[in-house]
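The numbers here are math on the coordinates, done by the rules we state, and not lab data. Quick caveat, the model's predicted, so the values are computed rather than measured. FYI the Cβ positions are ideal-geometry reconstructions off the backbone, even for glycines, and counts take in every protein chain you see.
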Amino acid sequence: MPPSNREFAAPTFYGGRFNDEVPPDESPSLPVEVLPELDVYKQLIVAVAGELYKAERGVARVPPNFAGRFQLGLAEIRPGSRVAALRLEHDEPGAEIFERSRDAVNSIIAAVHQGTPLPMNLPPNVLLLFGNFGKRLDDSEGIELRAPGRPRGASYTPEVRRRFVQLATQESVQAVAYEGTVVGARNYPKRTFQLMTAEAGIIRVPFPAHLSQQIADAWRDYKFVRVTVEGWASFKKGKLKEFTEPPSVTLTSTLPEEHVRDVETRLREFETLEAGWADGEGGPIPKEALGWLRVLLLEMMAAHGLPLPLLFPMVEGGVKASWKFRPWYVTAEFDLENRSAFLHAAQVKTDQVETLTVLFAVKDEDKALVRFAEFIKRFEALRESRELPQ
């Protein structure tokens, strides 16, 4: 098997990460995360060569070790964006079919880029292989596939990749943006969360590992955290099938950040209380119970517009929330063990008092939240104006 020094192709990476100028005293390089693209390119050459072989000879299969006859090596990285010079490792009889395959690959990519018919018939599995090429490129990047002695070549971009996926699956690939609330999440077999949207119902969204905690928090706080996803998704018969890659994810609270921070900071202080914190009295407050109260308070503030309360630990092990609506002073004493609240409103000028007990049973928690909020809002509406008469 004689060695070869012949250059086979010079895929040129351009745009985005590949546009940085290389100092004269340094050698150009490629980011390691895009190097697998060169292996996929090799697989494309082998796959299309196989289709050429079968079509020309009228056979259903290629001979054994057909792929093994084609070996590529990375000779160097040249300047001019980033040029990956690939050379044939060996010259073998019949190797010219791989050079014809290289030219066919260029023609196929050019046709898809220009929206013209493909120059040859390709089965879905080969079209999908074209769709696997370029997966590591950002939207601003591309690969120009130059053959030896030719100054230009076919340009492969993320948009071309999406068209190949559509050709292979008979599905359309579109840019999408959805907004909604997280209603479920899982890490196995794929890391996805369920987003409840107005326009598409519940959709399944893939997400990277570093967002796991944020997604868990958004699920816990679904009543006041909105999630926006933007990316590319495939559609079949007009219906969303799946995202072709993890989209960008943005979380937005419907509450002012400082209000959320004030509630969380105060409750975290309560977590540190030890037995006897109040002159020898008072016990620790369970962290799990404070987590329940955090969600409850923030939900009422978001969904019912309750103002930010002042919070105090209770010797009995609960938490007291208070609001001043002059001339009314309103408090809510939360029994964290029994998931209930005793509300008390006092009119400081007349000594008028009103009370209400609310039980936050799981199945009726939303109704309990409404009763709680209506009690507080009633006295907020009675607050005396501080504006001086005209």
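Take the Cα pairs of the range 266-390, get the Kirkwood Rh, then feed it into Stokes-Einstein at 25 °C and 0.890 mPa s and tell me D in µm²/s. Please report the intermediate quantities before stating the final value.
Numbers: Rh = 15.5 Å.
After rounding, the answer is 158 µm²/s.
Only one of the listed values, (1) 94, 42, 36; (2) 90, 54, 40; (3) 104, 53, 52, was derived from the coordinates as Cα extents along the principal axes in Å; which label is it?
(3)
Work through the residues other than residue 53 whose Cβ is under 12 Å from its Cβ and net out their charges, Lys, Arg +1 and Asp, Glu -1.
Values: positive: 54, 57, 61, 69, 100; negative: 51, 56, 96.
So the surrounding residues net to +2.
Sorting check: for 205-214, 175-184, which peptide has the highest mean count of neighbouring beta carbons within 10 Å, and how do the rest follow?
Working: 205-214: 13.8, 175-184: 16.2.
Top of the packing list down: 175-184, 205-214.
Please tell me the relative contact order of the range 35-166 in percent, rounded to the nearest whole number, where contacts are Cα pairs under 8 Å and at least six residues apart. Please list the in-between numbers first.
Working: 153 pairs, mean separation 31.0, N = 132.
Relative contact order comes out at 23 percent.
Can you list which of the GluC sites (Glu not before Pro) found in the range 243-278 are DSSP loop residues with at most 13 other C-beta atoms within 10 Å? Don't skip to the answer; put the middle values down first.
Details: sites: 257, 258, 264, 269, 271, 274; in loops: 274.
Answer in residue order: 274.
Any idea what Rg and Dmax come out to for the range 139-277 if you just take the C-alpha atoms, in Å?
21.4, 85
Counting only trypsin sites (Lys or Arg not before Pro) that are in a DSSP loop and have at most 16 other C-beta atoms within 10 Å, tell me the longest site-free stretch of the chain. Spell out each step's value before the answer.
Working: sites that count: 6, 61, 135, 136, 152, 190, 223, 237, 349, 383, 386.
Excluding the exposed sites themselves, the longest stretch runs over 238-348.
What is the diffusion coefficient of the range 207-334 in µm²/s, taking the Kirkwood radius over Cα pairs and the Stokes-Einstein relation at 20 °C with a viscosity of 1.002 mPa s? Kindly include the intermediate steps, with their values, before the conclusion.
Working: Rh = 17.4 Å.
D = 123 µm²/s.
Taking the Cα centre as origin and putting +1 on Lys and Arg beta-carbons and -1 on Asp and Glu beta-carbons, what dipole magnitude results for the chain, to the nearest 20 debye? Please report the intermediate quantities before stating the final value.
Working: 48 positive and 54 negative charges, 323 e Å.
Rounded to the nearest 20 debye, it is 1560 debye.
Pick out which of 116, 252, 331 has the largest mean-square fluctuation in a Gaussian network model of the chain, springs linking Cα atoms closer than 10 Å.
Checking each option, the largest mean-square fluctuation is seen for 116.
Based on the Kirkwood radius over alpha-carbon pairs, what is the Stokes-Einstein translational diffusion coefficient of the range 172-253 at 20 °C with 1.002 mPa s viscosity, in µm²/s? All intermediate terms of the calculation are to be shown ahead of the outcome.
On the way: Rh = 12.6 Å.
For the chosen part, D equals 169 µm²/s.
Could you pull out the GluC sites (Glu not before Pro) across the range 351-384 that fall in loop regions by DSSP (anything but H, G, I, E, B) with no more than 12 other Cβ atoms inside 10 Å?
On the way: sites: 354, 365, 374, 380, 384; in loops: 384.
Qualifying residues, ordered by number: 384.
Give the angle, between 0 and 90 degrees and rounded to the nearest 10, that separates the Cα long axis of helix 287-304 from the longest principal axis of the Cα atoms of the chain.
90 degrees
Hey, what did the chain get for relative contact order, percent, Cα under 8 Å, at least 6 apart? Could you put the intermediate results ahead of the total?
Working: 644 pairs, mean separation 38.3, N = 390.
Averaging sequence separation for qualifying contacts and normalising by length gives 10 percent for the chain.
Once both axes come from the Cα atoms, what is the angle between helix 257-271 and the longest principal axis of the chain, in degrees from 0 to 90, rounded to 10?
Orientation of helix 257-271: about 70 degrees from the principal axis.
Could you state the orientation-averaged shadow area of the convex hull built on the Cα atoms of the range 7-169, in nm² to one decimal? Can you show the working numbers first?
Working: hull surface 39.9 nm².
If you wrap the Cα atoms of the range 7-169 in a convex hull and average its projections, you get 10.0 nm².
Could you give the nm distance between label points at residue 250 and residue 216, where each point is 7 Å from its Cα heading toward the beta carbon?
2.6 nm
With springs connecting C-alpha atoms under 10 Å apart, model the chain as a Gaussian network and identify which of 145, 35, 255 has the largest mean-square fluctuation.
Checking each option, the largest mean-square fluctuation is seen for 35.
Under the rule of -39500 (n - 2.57) per DSSP H run of 4 or more residues, summed and divided by the residues of the chain, what mean residue ellipticity at 222 nm is obtained, to the nearest 500 deg cm²/dmol?
On the way: 8 runs with 121 residues, N = 390.
It comes out at -10000 deg cm²/dmol, rounded to the nearest 500.
So, counting K/R as plus one and D/E as minus one, what does the shell of residues with Cβ under 10 Å around residue 317 add up to? Show your work: numbers first, answer last.
Details: positive: none; negative: 316, 335, 337.
Residues close to residue 317 contribute a combined charge of -3.
Run the numbers for residue 316 and residue 114: contour at 0.36 nm per residue of separation, minus the present Cα-Cα distance, in nm. Could the numbers behind the result be given before it?
Details: separation 202, 0.36 × 202 = 72.72 nm, distance 7.44 nm.
Gain in length upon complete extension: 65.3 nm.
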